[in-house]
Structure formats: C-alpha cells, structure tokens
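Since the structure comes first, as structure tokens, the remarks are kept for the end.
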C-alpha cells in the first residue's frame, strides 16, 4: 500500500482507514463510524461537515480510533494529527 499520504484527500484517507481496519473481517469501532463516514465527504481538513468543523470531526475520529492499530494506523493517525495541528 502506498503510504505517501500527503497528496491524499481526507476522503481518500478515510477509504484507506476503512480498508485497513476491516481487513480480516474486523469491524470499525462503533464510536469511530460516524466520524469516518463524515470524513468520506471531506476533501480537506478545513471542510465542514454540516455544523461540525473538519478538525473537530477528525479529532473525534482519532479519539475513537484507539483500537485501530498497526503500521497503517500509525502512519494515518500521524498524518491526520499533522494536518489538524494549528487549525481552529
């Protein structure tokens, strides 16, 4: 899998998350599902999802994604944290 995430949209990253997390028949943690679904409609972290700001959607996703582990998870979480750092 291409781990160069810097050129990926939030929506593309959400697709990577879902594919990796559900590998082997696992289910995405229920608390992360609504935020992951919201991320599928976002291009940039500054995009709003209805009344929620993009950074808050991503922060809530990250808070609910603690059970998602592995190399891909570490890389994606680092990239998302980097993108939201300093954004309202």
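So residue 40 fits all but one of (1) touching a residue at least 60 places away in the same chain (Cβ under 8 Å); (2) surrounded by fewer than 18 Cβ atoms within 10 Å (Cβ to Cβ); (3) in contact with a helix residue (DSSP H, G or I) (Cβ under 6 Å, 6 or more places away or on another chain); what number is the exception?
(1)
Of all residues in segment 22-53, which are within 19 Å of residue 83 (Cβ to Cβ) and over 11 Å from the mean Cα position of the chain (by Cα)? Please lay out each step first, then the result.
Going residue by residue through segment 22-53, those that are within 19 Å of residue 83 (Cβ to Cβ) are 32, 35-49, 52-53.
Answer for segment 22-53, where residues must be within 19 Å of residue 83 (Cβ to Cβ) and over 11 Å from the mean Cα position of the chain (by Cα): 41, 43, 44, 46, 47, 48, 49, 52, 53.
Please verify whether segment 46-54 includes one or more residues that are in a helix (DSSP H, G or I) and in contact (Cβ under 8 Å) with a residue 40 or more places away in the chain.
There is at least one residue in segment 46-54 that is in a helix (DSSP H, G or I) and in contact (Cβ under 8 Å) with a residue 40 or more places away in the chain.
What do you reckon, is residue 29 touching a residue at least 24 places away in the same chain (Cβ under 8 Å) and assigned to a loop (DSSP other than H, G, I, E, B)?
It is true that residue 29 is touching a residue at least 24 places away in the same chain (Cβ under 8 Å) and assigned to a loop (DSSP other than H, G, I, E, B).
Taken together, the values in this text are just the output of simple stated rules run on the coordinates, not laboratory data. A quick note: this is a predicted structure, and the numbers were derived from the prediction, not measured. As a convention, Cβ positions derive from the backbone with ideal geometry for all residues, glycine included, and neighbour counts pool all protein chains shown.
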